[in-house]
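The structure appears below as structure tokens.
Bear in mind that the values in this text are calculations on the coordinates, not laboratory data. Since this is a predicted model, take the numbers as computed values, not measurements. All Cβ positions, even for glycine, are placed from backbone atoms using ideal geometry, and neighbour counts span all protein chains on display.
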């Protein structure tokens, strides 16, 4: 990313202790996480782009699950599932959304969704630019708009660890440019390559990058 939402490798932005690890510390966090998994309604489930739309100053002061709640509220409003009045008055009356074919997700549907492969891999033939074991370097590019390449890997050398198959390129594109289907790779970067003397010799970071993010190492 290009915004404040990409904090990887930046000093001074340590996660608060309450947000470290995977434990859901408070009941409201469990409820938010449950809502995220139960909303299998097209257009209602928030994604990374919703998180990236949070104003930077607000984002930095929010607990982790509060960010997801913010994104969830906006996606529900945009999809027409709820109204602003209902959000502001959660104990008030609720009305069924005026959406053709709308049906609330049942607990059984939510469990089935969790067990379903949700990979975005496409069954199309696109030549692979790289093979497992190839040396690559992440391009030192700073495009305008959203990019899925973290700033801390740009210009750094890594090794192709896995080919995830063909996926739609997720970066923002200039107007009129066609979105390209290409291979998505897991690239292994040594800790010392990313952090220099601060990187432990036994540490590796695996980053999923598209072919357009990479150049071969001669």
Exercise for review: For the chain, set up a Gaussian network in which alpha carbons nearer than 10 Å are linked by springs, and say which option among 100, 143, 127 fluctuates the most.
Suggested key: 100
Review point. Cα centroid distance between the range 118-147 and the range 194-218, in Å?
Key: 14
Check your understanding: Using the alpha-carbon atoms, what tilt in degrees (0 to 90, nearest 10) does helix 27-38 show relative to the longest principal axis of the chain?
Key -> 80
Study note, to complete from the structure: Per the rule of 0.36 nm per residue minus the C-alpha distance, extending residue 193 to residue 31 adds in nm 54.3 nm
Point to revise | Relative pair counts by distance (%), Cα atoms of the chain, 5 Å bins | key: 1, 6, 11, 13, 16, 16, 15, 11, 6, 3, 2, 1, 0, 0
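Can you tell me the FRET efficiency between residue 99 and residue 177 if r is taken as the Cβ-Cβ distance and R0 is 35 Å, rounded to the nearest 0.05?
Values: r = 33 Å, r/R0 = 0.94.
Once the sixth-power term is evaluated, E becomes 0.60.
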**Study point:** Sorted peptide list for 31-37, 177-183, criterion being average Cβ within 10 angstrom, highest first
**Key:** 31-37, 177-183
Point to revise | Crossing angle, helix 64-79 versus the chain [Cα axis fit, 0-90 degrees, rounded to tens] | key: 60
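Let a ≥ b ≥ c be the square roots of the eigenvalues of the Cα gyration tensor of the range 90-155; is it rounded (a/c under 1.5), or, if not, prolate (a/b larger than b/c) or oblate? Write out the running numbers ahead of the final one.
Numbers: a/c = 3.20, a/b = 2.00, b/c = 1.59.
Prolate, since a/c reaches 1.5 and a/b exceeds b/c.
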Exercise for review: Classify the range 17-114 as rounded, prolate or oblate, taking a ≥ b ≥ c as the square roots of the eigenvalues of its Cα gyration tensor: rounded when a/c is under 1.5, otherwise prolate if a/b is larger than b/c and oblate if not.
Suggested key: prolate
**Study point:** Value of relative contact order over the range 135-216, rounded to a whole percent, pairs C-alpha under 8 Å and six or more apart
**Key:** 32
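Using a/c under 1.5 as the rounded threshold, could you call the range 132-181 rounded, prolate or oblate? The axes a ≥ b ≥ c are square roots of the C-alpha gyration tensor eigenvalues, and prolate needs a/b larger than b/c, oblate otherwise. Please report the intermediate quantities before stating the final value.
Working: a/c = 2.73, a/b = 1.36, b/c = 2.01.
Cα axes put the range 132-181 in the oblate bin.
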